[in-house]
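Colleague: I'd like to ask some things about the structure below.
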Amino acid sequence: MTELHGRPAAGPPRGDLRDPAGLAPDQRALYDAITQGPRGTETGRIPLTDEAGRLLGPFDVMLLAPRIGDAVQRVGVAVRFGGFATRTRELAILTVAAAIGSGFEWWSHEPAALAAGISTAQLQQLLDGEVPDGLDERERAVVRFAGVMARDRRLRDEEFAEAKRVLGREDLAVLTWLVGYYGMLGLALEVFAPPNPLSPPED
């Protein structure tokens, strides 16, 4: 598998993952919405919990402010299941993960990308900041412009015109929200630094 470790952590985790047995009612409702909603159908490809049933990564952070966390996870469901086809979506997500250095998002989405037919060679090209070989015109546009938006936080006039030509306004909007959503998750991971399944166990 390809590897993306992201920026070095500033220090150890800034808190423990929350035990499901100790959640308040509003946290438990959010936990159930995440684990029993559409994401639950992808269990095994995109991990949601550890072996103790604790939410991983940004999902654990969502429990800190459950009302807002629920709104955020609903946006994620819409982006994940109401937008692009799986292969195109995973290309976009991993482009963002590579651009912002989010090792957790790369780790959690790489299996889904491989299952969708994206090769390890193509994943390596994404990590290298390249548009992978073997993509069709729409996929190339998704990778190119997701990378630009994640890195530069904008599209220049000529880039917007080209993205709109290839994708259309609606799918360009879908891509824009996807980039923003995964950028937000990356920020949450940087700020709260939940325990990372990528980190080696302590002695």
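What follows is calculated from the coordinates using simple rules that are stated; it is not laboratory data. Please read all numbers here as calculations on a predicted model, not as lab measurements. Every residue, glycine among them, receives a Cβ derived from its backbone with ideal geometry; neighbour counts consider all protein chains shown.
Colleague: Take the Cα coordinates of the chain, assign each an equal point scatterer, and use the Debye formula without solvent to give log10 I(q)/I(0) at q = 0.15, 0.16, 0.19 Å⁻¹.
Modeller: Computed log10 I(q)/I(0) values: -0.93, -1.06, -1.42.
Colleague: At what distance in angstrom do the alpha carbon centres of the range 168-198 and the range 20-89 lie from each other?
Modeller: 14 Å
Colleague: Nothing charged except the Cβ atoms of Lys and Arg (+1) and of Asp and Glu (-1): what's the magnitude of the dipole of the chain about its Cα centre? Round to the nearest 20 debye.
Modeller: In debye, rounded to 20, the chain gives about 620.
Colleague: Hey, another quick one. Please arrange Ser119, Ser102 by how many other C-beta atoms lie within 10 Å of their C-beta, fewest to most. Numbers along the way, then the final one.
Modeller: Details: Ser119 13, Ser102 28.
Lowest to highest Cβ neighbour count: Ser119, Ser102.
Colleague: In deg cm²/dmol and to the nearest 500, what is the mean residue ellipticity at 222 nm of the chain if only DSSP H runs of at least 4 residues count, each as -39500 (n - 2.57), divided by the residue total?
Modeller: So the calculated ellipticity at 222 nm is -19500 deg cm²/dmol.
Colleague: Report the gain in length on full extension from Glu130 to Arg169: 0.36 nm times residue separation, minus Cα-Cα distance, nm rounded to one decimal.
Modeller: Difference between extended and current length: 11.6 nm.
Colleague: Another question, then. Explain nothing, just compute: Karplus ³J(HN,Hα) = 6.51 cos²θ - 1.76 cosθ + 1.60, θ = phi - 60°, for every residue of the range 99-113 in order, whole Hz, x for Gly and Pro.
Modeller: Taking θ as phi minus 60°, the curve returns 5, 9, x, 8, x, 5, 5, 5, 4, 6, 9, 4, x, 5, 5 Hz for the range 99-113.
Colleague: Over the Cα atoms of the range 20-81, what radius of gyration and what Dmax do you get, in Å?
Modeller: Computed over the Cα atoms of the range 20-81, radius of gyration and Dmax are 10.8, 30 Å.
Colleague: Please give the length that would be gained between Ala85 and Phe192 if that part of the chain were fully extended, namely 0.36 nm times their separation in residues minus their C-alpha to C-alpha distance (nm, one decimal). Walk me through the numbers on the way to the answer.
Modeller: Working: separation 107, 0.36 × 107 = 38.52 nm, distance 3.11 nm.
The span from Ala85 to Phe192 would gain 35.4 nm if fully extended.
Colleague: By per-residue mean of other Cβ atoms within 10 Å, what is the highest-first order of 55-62, 126-133?
Modeller: Descending packing order for the listed peptides: 55-62, 126-133.
Colleague: Could you calculate the FRET efficiency of Ser119 with Ala52 from 1/(1 + (r/R0)^6), where r is the beta carbon distance between them and R0 is 22 Å, rounded to 0.05?
Modeller: 0.05
Colleague: Once Lys and Arg get +1 and Asp and Glu get -1 on their Cβ, which of Ala97, Val148, Gly53 lies farthest toward the positive end of the dipole of the chain?
Modeller: Going by the Cα projections, it comes out as Val148.
Colleague: Which one of Ala112, Pro132, Pro194 has its Cα pushed farthest toward the positive end of the charge dipole of the range 107-196, where Lys and Arg give +1 and Asp and Glu give -1 at the Cβ?
Modeller: Highest projection toward the positive end goes to Pro194.
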